[in-house]
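J.: I'd like to ask some things about the structure below.
The values are calculated or read from the model by the stated rules, or taken from the named source; none is laboratory data. Fair warning: this is a prediction, and the values are worked out from it, not measured in the lab. Reconstructed Cβ throughout: ideal geometry from the backbone, glycine too, with neighbour counts over all protein chains shown. Ligands, DNA and RNA are excluded from the accessible area calculation, which covers all protein heavy atoms including side chains. Shrake-Rupley method; radii C 1.70, N 1.55, O 1.52, S 1.80 Å.
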Amino acid sequence: MDSIKITGGNPLKGSIPISGAKNAALPLMIAGLLSDRQLVLENVPRLSDVRALTRILGNHGVDITIAGKRKGDAQDGGDTLVINASTIVDTCAPYDLVSTMRASSWVVGPLVARMGECRVSLPGGCAIGTRPVDLHIMALQRLGARIDIEEGYMVARAPKGLKGAEIFFPMVTVGGTHVALMAATLADGTTVIHNAAREPEVVDLADCLNKMGARISGAGTSTIEIKGVPRLNSATHRVVPDRIETGTYAMAVAMTGGDVMLAGADPAHLQAALDVLKKAGAEVSATNEGIRVKRNGQGIDAVDVTTAPFPAFPTDLQAQFMALMTRAKGTSHITETIFENRFMHVSELARLGAKIALRGDLAIVEGVDKLKGAPVMATDLRASVSLVIAGLAAEGVTTVNRVYHLDRGFEALEKKLAACGALIERVRG
Ligand code: UD1
């Protein structure tokens, strides 16, 4: 199994091109199921999660070809997906596929809307929490689907099609909002989603659906209105830049020191995280090119953070921020409100010399003068990258194992960091 070897201590200097957002690309690919016409997605990140979803959609009969290859790219290395779901051959999403990638269970929305029935495996829990889908089911039931749970599957039926309805989410759910939004585009009549997720990826999905002919307004606010249409057309859409990749590299620069342009990043998508970085002592400025992050000389100040739905500080940056706080002057309190078990990185950061105490959903991080390299591993994507960041600032060699987690969500991670002066390499194993 591959690992990433980092020799810490170098500041980061240069420019990092920000890729398209994984968390936008996946629902956009799934939205391709809604139409029998071609959907072209540009700026799709080259990630193992995208390749996995390509295979899963292929199982439903969706034909996806990859274009937009650059010189030196691997065979499947293009960033443009041409998605053709003219014929759905199978409306079942089996457990062995859904369990490899939980977002693929969101196919339940478009499949029941377009085909009137589907059988989709429940995704189950994962390393960061139980991650229920009861609210996805509730939203589809509100739209008139009958849902039975049979042998671990959601069996959804709406033989006469879905009907527009009011959907009230008792808590903000990104996945639930994606499912409801996709399903409601083809429902008969008007749907209003209350307490909708406001994440930029939801806005991106709504923008793409509108290009396909959907009639959605209010995406980006907590009330989204969808006027159903009988069918969707072809469209071309460019995936938004990845705000989590952006925030991750911004934190890496704050930690190692240096001066990096995060090219193509959109500051409006991660204002809360940028504000926290400024409080911690980084210089952050928005330019036409992207976001420039600098830190020279002075140390990092301790800042308290609580994760919450957009526009607050994102759960997907919590682990990376904790890595930064391990070297702060003082004590930082980090509260995780989205997932009950998202502190898997704590014990690994401790292997590098971090001092972190856990009290339920609160991590108390006491800054230390230095971290020292060690072999580490993590059980999820964002936790893994937090160990990379810590390794960049640690003395000596850090080896991050289980690199497949990183490959799920960070395109060309080691290349992007090495181009800015980091001593980082992939060791094939
Ligand atoms: C969540 C994050 C998203 C992040 C992704 C991957 C939020 C609001 N969501 O999205 O930013 O990119 O993980 O790390 O920050 N819930 C239920 N029932 C449901 C659905 C959700 O109880 O049917 C709960 C979850 O357990 C969780 C909360 O609602 O506590 C938010 O979950 P949700 O936004 O749906 O999760 P993801 O879509 O995976």
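J.: One residue is enough: does the stretch 156-163 have a residue meeting the conditions in contact with a Cys (Cβ under 8 Å, 6 or more places away or on another chain), modelled with pLDDT of 95 or more and assigned by TED's automatic domain parsing to the domain that holds residue 53?
T.: Yes.
J.: Contact list please: Cβ distance under 9 Å, first residue in the stretch 129-143 and more than 6 Å from the ligand (Cβ to nearest atom) and at pLDDT 95 or above, second residue assigned to a loop (DSSP other than H, G, I, E, B) and among the aromatic types (Phe, Trp, Tyr), pairs at least six apart or on different chains.
T.: 138/169; 139/169
J.: Tally up the residues in the stretch 169-192 that are of a type in the set (S, T, N, Q) and open to solvent by less than 10 Å² (accessible area, probe 1.4 Å), please.
T.: Counting residues in the stretch 169-192 that are of a type in the set (S, T, N, Q) and open to solvent by less than 10 Å² (accessible area, probe 1.4 Å) gives 3.
J.: Please work out which one of (1) within 16 Å of the ligand (Cβ to nearest atom); (2) in contact (Cβ under 8 Å) with a residue 60 or more places away in the chain is the condition residue 313 fails and give its number.
T.: Looking at each condition in turn, residue 313 falls short on (2).
J.: Every residue in the stretch 285-304 that is without any contact (Cβ under 8 Å) to a residue 60 or more places away in the chain, open to solvent by less than 40 Å² (accessible area, probe 1.4 Å) and more than 21 Å from residue 331 (Cα to Cα), please.
T.: Of everything in the stretch 285-304, those that are without any contact (Cβ under 8 Å) to a residue 60 or more places away in the chain, open to solvent by less than 40 Å² (accessible area, probe 1.4 Å) and more than 21 Å from residue 331 (Cα to Cα) turn out to be 291, 293.
J.: When you look at residue 355, is it open to solvent by 60 Å² or more (accessible area, probe 1.4 Å), more than 14 Å from residue 8 (Cα to Cα) and away from the ligand (no atom under 16 Å from the Cβ), yes or no?
T.: Yes: the conditions hold for residue 355.
J.: Among the helices (runs of 4 or more DSSP H) contained in the stretch 1-99, which hold 2 or more residues that are within 21 Å of residue 239 (Cα to Cα)?
T.: The helices (runs of 4 or more DSSP H) meeting that bar are 22-31, 48-59.
Listed here are the residues, each with its yes/no results for (1) closer than 20 Å to residue 40 by Cβ; (2) within 16 Å of the ligand (Cβ to nearest atom).
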site: 155; (1), (2): no, no
site: 159; (1), (2): no, no
site: 163; (1), (2): no, no
site: 180; (1), (2): no, yes
site: 184; (1), (2): no, no
site: 191; (1), (2): no, no
site: 197; (1), (2): no, yes
site: 206; (1), (2): yes, yes
site: 213; (1), (2): yes, no
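J.: (1) touching a residue at least 24 places away in the same chain (Cβ under 8 Å); (2) more than 16 Å from the ligand (Cβ to nearest atom); (3) more than 23 Å from residue 20 (Cα to Cα): which one isn't true of residue 249, the others all being true?
T.: If we test residue 249 against (1) touching a residue at least 24 places away in the same chain (Cβ under 8 Å); (2) more than 16 Å from the ligand (Cβ to nearest atom); (3) more than 23 Å from residue 20 (Cα to Cα), just (3) comes out false.
J.: I'd like to check something: does the stretch 217-240 contain any residue that is among the charged types (D, E, K, R), buried (at least 23 other Cβ atoms within 10 Å of the Cβ) and touching a Leu at 6+ places or on another chain (Cβ under 9 Å)?
T.: No: the stretch 217-240 contains no residue that is among the charged types (D, E, K, R), buried (at least 23 other Cβ atoms within 10 Å of the Cβ) and touching a Leu at 6+ places or on another chain (Cβ under 9 Å).
J.: Cβ-Cβ distance below 7 Å, separation of 6 or more or different chains: which pairs start in the stretch 9-33 with a residue that is of a type in the set (Val, Ile, Thr) and end on one that is in a strand (DSSP E or B)?
T.: Matching pairs, first to second residue: 16/260; 16/262; 16/263; 18/241; 18/262; 18/263; 18/290.
J.: If residue 330 passes every condition in (1) within 16 Å of the ligand (Cβ to nearest atom); (2) surrounded by fewer than 18 Cβ atoms within 10 Å (Cβ to Cβ) but one, which one does it miss?
T.: (1)
J.: If only one of 115, 138 is open to solvent by 30 Å² or more (accessible area, probe 1.4 Å), farther than 30 Å from residue 342 by Cα and aliphatic (A, V, I, L, M), which one is it?
T.: Among 115, 138, only 115 is open to solvent by 30 Å² or more (accessible area, probe 1.4 Å), farther than 30 Å from residue 342 by Cα and aliphatic (A, V, I, L, M).
J.: Could I ask something else about it? Return yes or no: is residue 387 in the same structural domain as residue 10 (by TED's automatic domain parsing), away from the ligand (no atom under 16 Å from the Cβ) and open to solvent by less than 10 Å² (accessible area, probe 1.4 Å)?
T.: Yes.
J.: Determine if the stretch 261-281 includes at least one residue that is surrounded by fewer than 24 Cβ atoms within 10 Å (Cβ to Cβ), free of Cβ contacts under 8 Å to residues at least 40 places away in the same chain, over 24 Å from the mean Cα position of the chain (by Cα) and not in a helix (DSSP H, G or I).
T.: yes
J.: Kindly establish whether residue 380 is in contact with a strand residue (DSSP E or B) (Cβ under 6 Å, 6 or more places away or on another chain) and either crowded, with 16+ Cβ neighbours inside 10 Å or hydrophobic (A, V, I, L, M, F, W, C) (or both).
T.: no
J.: Among the residues of the stretch 1-44, write down those that are open to solvent by 10 Å² or more (accessible area, probe 1.4 Å), of a type in the set (Val, Ile, Thr) and either within 15 Å of the chain's Cα centre (by Cα) or under 30 Å from residue 396 (Cα atoms) (or both).
T.: Result: 7, 18.
J.: Sticking with this structure for a sec: Given the criterion within 16 Å of the ligand (Cβ to nearest atom), under 18 Å from the mean Cα position of the chain (by Cα) and open to solvent by 10 Å² or more (accessible area, probe 1.4 Å), identify the matching residue among 337, 307.
T.: So the residue among 337, 307 that is within 16 Å of the ligand (Cβ to nearest atom), under 18 Å from the mean Cα position of the chain (by Cα) and open to solvent by 10 Å² or more (accessible area, probe 1.4 Å) is 337.
J.: Among the residues of the stretch 7-47, what is the count of those that are more than 21 Å from residue 266 (Cα to Cα) and assigned by TED's automatic domain parsing to the domain that holds residue 102?
T.: Adding up the residues that qualify gives 12.
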